[in-house]
Amino acid sequence: MTLLNTRTDTEYTISHISAAEEGMKEFLFTLGCYPGEKVTVISRLAENIIINVKNARYSIDADLASAIGIATEPVKACRSRERIA
């Protein structure tokens, strides 16, 4: 299962990174996406996916999302997002 097949506002654990290009893998590692790390899909906008990794939000495309393998069971459902003033 990859990040493309997940529900929004649910925390998952990254199980593996399987990118065809080494540069793509390195880029995901710089974002903090590596096995064992928690990731949450915040929203989907057009062809981009907004994710939260290590308390930082990133916008990634479908190619990057499909390279992030996740454990099949979610860690937990996240609370509704709070508005930041």
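The residues on offer are 13, 8, 40, 30, and the sole one that is under 11 Å from the mean Cα position of the chain (by Cα) and not in a strand (DSSP E or B) is 8. Here residue 19 qualifies as among the aliphatic types (A, V, I, L, M), in contact (Cβ under 8 Å) with a residue 12 or more places away in the chain and assigned to a loop (DSSP other than H, G, I, E, B).
Just so you know, all these numbers are worked out from the coordinates, no wet-lab data involved. The structure displayed is predicted, hence computed values, not measured ones. Here Cβ is always computed from backbone atoms with ideal geometry, including for glycine, and neighbour counts include all displayed protein chains.
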